[in-house]
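What follows is one structure encoded as structure tokens, with my remarks underneath.
The values are calculated or read from the model by the stated rules, or taken from the named source; none is laboratory data. All figures in this text were calculated on a predicted structure; none of them were measured in a lab. When we count neighbours, we look across all protein chains shown, and the Cβ atoms used for this are built from the backbone with ideal geometry, even at glycine. When the accessible area is computed, the model is the full protein with side chains, heavy atoms only, and any ligands, DNA or RNA have been set aside. Shrake-Rupley method; radii C 1.70, N 1.55, O 1.52, S 1.80 Å.
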Amino acid sequence: MTINQAVVDEGIMQIPSWWKCPPGYEELQTKAHEIGKTELLPRTSLSDQESRYPRESLKAIAQAGYGAVTIPAQEGGIGAGYMGFAVLAESFAHYCSSSTMCWVMHTAAVQTLYSAGSPEQRQRFIPGVLSGEVGALAFSEPATGSHFWNVVSSAPRSGEGYLLNASKSFVTSGGEADWYVVCTNYPDSIETDKLMFLLVEKNQEGVESFPFSAMGLRGNSSGPMKFTNVFVPAENRLGSEGGMNSYNDNVIDPLFLLGTSACWIGIAQGALNAAIDSAKKKVHQDTGKSVSGYQVIRHELAKAQILIDSARNMLYRTAQGMDECSEKGLALSSCLYPLWELKTHAADIVIQVTNQALQVSGGRGYLTGQVEKYLRDGRAGALMGPTNEILREWVGRTLVEVPWFE
Ligand SMILES: Cc1cc2nc3c(=O)[nH]c(=O)nc-3n(C[C@H](O)[C@H](O)[C@H](O)COP(=O)(O)OP(=O)(O)OC[C@H]3O[C@@H](n4cnc5c(N)ncnc54)[C@H](O)[C@@H]3O)c2cc1C
């Protein structure tokens, strides 16, 4: 190849495709963008304006074959590993943050059910999610806030099951999901920790959900939930009576951190694409220049793109590391450190980039619409658990070689 072959179209530099998509995942990425354009984008504004849960969009994602992407292909997954999950989440998020976030949390819930569940439980719940049923994770509690691994609720034994009483502060897909993995304590546990996961189905007596009124991700239905004297039969316990903390480090956090990071990066790219488009189209009659004709604007666009690409490279490198761990049979907890750095960075840059995108878009960016929505949606990243404050502390502790967890 000659040097000039890389530069076509009158000297316009072409960005190599491998910079935006890990090699081998181009087809998956193209499909995800098609779903984004045809299914997610048309519904996203209404979902935001009316805080409407994106059920049809989630159904469309499941119908395309992405209802349980991370489980083995022979059981309904797509055989594309964590890389495939990250490619899908990043691509979907360009078009609708709420559906993407609900889908990411759903995927983490499905993987938890798959990893901790019995063959009978898989048989009972996996076919449903392949045709569009939704799972959710009910962990965070008002009593312990960001420390979602330290829940105070409990579910003692009651006959052939457990009596669950729990107050949850935020549950994505709350009141909309078909089933919930509820994290609670089993008070009489003889395991090293008392954490127990119970599968609660949506219409069970004693389950209440409350509205989600928020700055962004308004279609998410991430409101509080209450479980009052909910009887959960023993056959709906995932794993053991207590001792489930290891699933936080090996299943839930890895999936959640990877998927949400992909989501923040996709939101940032979606916002920047919209800003680039508007900067090219808007022309000032007095100077005859487009907004993109001003060097200061181009520098702002460049700074934003470099931030996104720094996070995207971390995303795909981390997903690759997770896939390598799985192939070698290593625990995913060995990937937590890069995941902490990744999530902190992705959630930081989405705030910066969506802000830059709005600035470049001028007053039009501030009007109710696509760009300000990206900014509101992306702002949730740093607050969602593990929060950026907590993650930076864990990274810092690791750097000075003291235990990350107290
Ligand atoms: C849109 C959205 C969706 C969510 N979805 C879910 C879900 O599906 N399931 C679920 O279980 N949870 C969910 N959450 C909850 C989320 O994971 C966090 O637990 C929650 O946002 C923490 O909020 P809080 O008000 O309890 O924070 P607080 O704990 O009150 O924290 C307040 C501030 O203190 C900081 N802080 C807290 N502890 C420490 C510490 N040890 N060191 C340093 N700083 C600290 C925090 O970073 C934050 O800045 C969701 C949250 C949001 C916003």
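Worth a mention:
- Per residue, the solvent-accessible area of the range 252-321 (1.4 Å probe, heavy atoms of protein chains only, all protein chains present) comes to 40 Å².
- 5 Å-binned pair-distance histogram of the range 10-134 (Cα, whole percent): 2, 11, 20, 21, 17, 12, 8, 4, 2, 1, 0, 0, 0
- Model label sites at Gln359 and Glu34, defined 7 Å from Cα along the beta-carbon direction, differ in position by 3.9 nm.
- Each Cα pair under 8 Å and six or more residues apart adds its sequence gap; the mean of these over the residue count of the chain is a relative contact order of 16 percent.
- If only the Cβ of Lys and Arg carry +1 and only the Cβ of Asp and Glu carry -1, the dipole of the chain around its Cα centre is close to 1160 debye.
- Equivalent-ellipsoid semi-axes for the range 194-319 (Cα gyration tensor, √(5λ), whole Å, largest first): 47, 21, 8.
- Average projection area in nm² (convex hull over Cα atoms of the chain, one quarter of hull surface): 22.1
- Alpha-carbon Debye profile of the range 245-399, log10 I(q)/I(0) at 0.09, 0.14, 0.19 Å⁻¹: -0.35, -0.70, -1.05
- Alpha carbon convex hull of the range 271-348, projected area averaged over orientations, nm²: 6.1
- Take the Cα of Ser334, go 7 Å toward its beta carbon, and the backbone nitrogen atoms of the range 305-323 under 18 Å from that spot belong to 317-323.
- Positive contributions from Lys and Arg (+1) and negative ones from Asp and Glu (-1), summed over other residues with Cβ under 12 Å from the Cβ of Arg392, come out at -2.
- The distance between label points at Lys289 and Gln74 comes to 6.3 nm (points 7 Å beyond Cα on the Cα→Cβ vector).
- Across the range 96-247 the C-alpha pair distances fall into 5 Å bins from zero in the proportions 2, 10, 20, 24, 22, 14, 6, 2, 0 percent.
- Ordering of 82-90, 214-222, 96-104, 235-243 by burial proxy (mean other Cβ atoms within 10 Å per residue, highest first): 96-104, 82-90, 214-222, 235-243
- Simple spin-label estimate for Ala143 and Ser131 in nanometres, 7 Å along Cα-Cβ: 4.0
- Linear extension gain, Asp309 paired with Gln204, 0.36 nm per residue minus alpha-carbon span: 33.3 nm
- Our compactness index for the range 111-150, the C-alpha radius of gyration over the empirical 2.2 N^0.38 Å, is 1.50.
- In summary, the convex hull built on the alpha carbon positions of the range 328-406 has an orientation-averaged projected area of 7.1 nm².
- Fully extending the segment from Glu191 to Gln123, taken as 0.36 nm per residue of separation minus the present Cα-Cα distance, adds 21.8 nm.
- When shorter helices are ignored and each DSSP H run of at least 4 residues is given -39500 (n - 2.57), the per-residue value for the chain at 222 nm works out to -15500 deg cm²/dmol.
- Over 19 Å between alpha carbons, listed pairs Lys37/Lys373; Lys31/Lys280; Lys20/Lys281; Lys31/Lys343; Lys37/Lys280; Lys168/Lys202: Lys31/Lys280; Lys20/Lys281; Lys31/Lys343; Lys37/Lys280
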